[in-house]
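Read-outs throughout are calculated quantities, based only on the coordinates presented, and are distinct from any laboratory measurement. Given the structure is predicted, the values throughout are model-derived calculations rather than measurements. Heads up, the Cβs are rebuilt from the backbone with ideal geometry, glycines too, and the neighbour counts pull from every protein chain shown.
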Amino acid sequence: MKINEIAYMVYPVTDLKRARRFYEEVLKLKPSHVFGDDTTAWVEYDVGTGTIAIGNGAPEWKPNAGGGCVGFEVDDFDTALRTLDDNKIEHRPPIDTPVCRMVILADPDGNSVILHKRKKS
């Protein structure tokens, strides 16, 4: 077996409308595919060459704040922070490393999200 790429990552959500508001209105992602309806669905967002999906179609599939994490590269880190604050999205203090700036937050179901900006070398 040879794995060529990550096809997608997916987060389970409990309230689809609330989750879509977060991903589409706060993070400004555009849905590329929606399978289902307004209450039960699988929603995909293409980001660069990858895809993140959210879904609530399997009752045994639950959000897990201690589970995986998606990191989104942003164009402007300070604008991203202002957007979080303007939308009253709780987050940890920003982290500044020699190679990047990042902030860790959670979606409405507690799934971890990182907003990340690489520094120019």
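Would you check if there is a residue in segment 69-88 being farther than 30 Å from residue 119 by Cβ and either surrounded by 10 or more Cβ atoms within 10 Å (Cβ to Cβ) or touching a Phe, Trp or Tyr at 6+ places or on another chain (Cβ under 7 Å) (or both)?
no
Would you be able to say whether some residue in segment 99-116 is of a type in the set (Lys, Arg), touching a Lys or Arg at 6+ places or on another chain (Cβ under 9 Å) and without any contact (Cβ under 8 Å) to a residue 60 or more places away in the chain?
yes
Looking only at segment 1-18, how many residues end up being within 10 Å of the chain's Cα centre (by Cα) and farther than 16 Å from residue 114 by Cα?
Qualifying residue count, segment 1-18: 0.
Take segment 45-93 and flag every residue that is among the hydroxyl-bearing types (Ser, Thr, Tyr) and either free of Cβ contacts under 8 Å to residues at least 24 places away in the same chain or within 14 Å of residue 108 (Cα to Cα) (or both).
45, 79
Looking at segment 1-19, which of the residues that are outside any loop (DSSP other than H, G, I, E, B) and hydrophobic (A, V, I, L, M, F, W, C) is surrounded by the fewest Cβ atoms within 10 Å (Cβ to Cβ)?
9
Tell me yes or no: at least one residue of segment 20-37 is on the phi > 0 side of the Ramachandran plot, outside any strand (DSSP E or B) and either within 13 Å of the chain's Cα centre (by Cα) or without any contact (Cβ under 8 Å) to a residue 24 or more places away in the chain (or both).
Yes, the conditions are met somewhere in segment 20-37.
For segment 93-115, how many residues meet the condition of being within 15 Å of residue 64 (Cα to Cα) and in contact with a helix residue (DSSP H, G or I) (Cβ under 7 Å, 6 or more places away or on another chain)?
Here the count works out to 4.
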